[in-house]
Amino acid sequence: MEYSVSQFLLLGALTFIFVGAITPLMRKIAISVGAVDAPNLARKSQKEPVPYLGGVAIAIGVVGASYGSLLAVDFSMETFRLASFVLVPAMAISLMGLIDDLKGLGKAAHDRDIWFHVDGAYGLAALCAPSVRADFDGIEMADSFIVDPHKWLFAPYDACALVYRDPSFAKASHTQRGEYLETLNESGLWNPSDYSFGLTRRTRGLPLWFSLATHGAQKYREAIEESINVAHQAADLIRGLDYLELVREPELSVVVFERKGWGLADYDSWSEKLLKDEIGFVVSSSHQGKPNTRFAIVNPLTSIELLSKILESMN
């Protein structure tokens, strides 16, 4: 399954047009069902309500274009099932903090000679935690992966680690040409600009290196394990409160739950008060069209006592 540069450009253009076409429809739907960001809270500076669901239009456009491009190359039920296997679950994984079937995806990708990239922005940091290490079986099959140290490896914003199995492929794709660059290109020296889009960048990885050198990997393991443990304790608390409902069991440190009887405006008002009282920053989300909220615990100092106080504030 191969694509030319012109096909990629055409796919991008069609996606842009499709998203632009359905965005007004999603806007009308959002207004009709009251899914708007109203300027009713202190931290909201807009003068008019802003409709939600713009992201839904983008998601529909990207998923629809992905289906179309795959089926245009190989119109078969196997291709449709493969696309569904990858695209549909991906829309819920980030929200829920879930782990993909890396072993199954890796095999499917390699069997079809497809590049297997793992986007581990938040969750891949949990490789440090022995209690969930087996859940990442299959990561060794990745051709490349990323993890964002500023999310769960306690580094300053904005750091991203990009790792390749065979960096020569990345260099062949990303090396930039120009008369003023050829001295560097011909030197044979390692140049970070050859392995991603950015030509100039700060040394974002240095704070992470200093932290690891100072504290050691074991402290990282303990900190991530603590976040996972607190998340499961929070899930236990939620199960014991009759006015709350756990959406699903946490796999890592994201806990998604609903306050029974609440709409989006209730969540927003509650979130604003939590922030104003300097207790926490817990925002609304949604799943299958129903509003909810979630804890995303990435600070090992977050205590179950604090989370219990937040849950009690919803009663």
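Looking at Ser308, Ser284, can you tell me which residue is farther than 20 Å from Cys128 by Cβ, under 22 Å from the mean Cα position of the chain (by Cα) and either surrounded by 13 or more Cβ atoms within 10 Å (Cβ to Cβ) or of a type in the set (D, E, K, R) (or both)?
On the way: Ser308 fails: under 22 Å from the mean Cα position of the chain (by Cα).
Just one listed residue meets the conditions, Ser284.
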For region 39-58, does any single residue satisfy the condition of being at pLDDT below 70, crowded, with 16+ Cβ neighbours inside 10 Å and assigned to a helix (DSSP H, G or I)?
-> no
When (1) outside any helix (DSSP H, G or I); (2) surrounded by 11 or more Cβ atoms within 10 Å (Cβ to Cβ) are applied to Thr203, the one that fails is (2)
Look at Leu301 and say whether it is at negative phi, crowded, with 20+ Cβ neighbours inside 10 Å and among the aliphatic types (A, V, I, L, M).
-> no
Which one of these does Tyr195 not meet: (1) within 19 Å of the chain's Cα centre (by Cα); (2) over 30 Å from Glu78 (Cβ atoms)?
-> (1)
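Among the helices (runs of 4 or more DSSP H) confined wholly to region 98-187, which include 1 or more residues that are closer than 19 Å to Pro207 by Cα? Step through it out loud before you land on a result.
On the way: elements: 102-111, 149-152, 167-174, 182-187.
Result: 149-152.
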Could you grab the pairs with beta carbons closer than 8 Å, sequence gap of 6+ or different chains, first residue in region 278-292 and hydrophobic (A, V, I, L, M, F, W, C), second one part of a strand (DSSP E or B)?
-> Val282/Thr293; Val282/Arg294; Val282/Phe295; Val283/Thr293
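Residue by residue, here is whether (1) surrounded by 16 or more Cβ atoms within 10 Å (Cβ to Cβ); (2) of a type in the set (A, V, I, L, M, F, W, C) holds:
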site: Gly106; (1), (2): yes, no
site: Ala109; (1), (2): yes, yes
site: Arg112; (1), (2): no, no
site: Trp115; (1), (2): no, yes
site: Val118; (1), (2): yes, yes
site: Gly123; (1), (2): yes, no
site: Ala126; (1), (2): yes, yes
site: Ser131; (1), (2): no, no
site: Phe169; (1), (2): no, yes
Which of the residues spanning region 95-104 are surrounded by 18 or more Cβ atoms within 10 Å (Cβ to Cβ) and either among the charged types (D, E, K, R) or more than 20 Å from Val298 (Cβ to Cβ) (or both)?
-> Asp100, Leu102
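The values are calculated or read from the model by the stated rules, or taken from the named source; none is laboratory data. Fair warning: this is a prediction, and the values are worked out from it, not measured in the lab. As a convention, Cβ positions derive from the backbone with ideal geometry for all residues, glycine included, and neighbour counts pool all protein chains shown.
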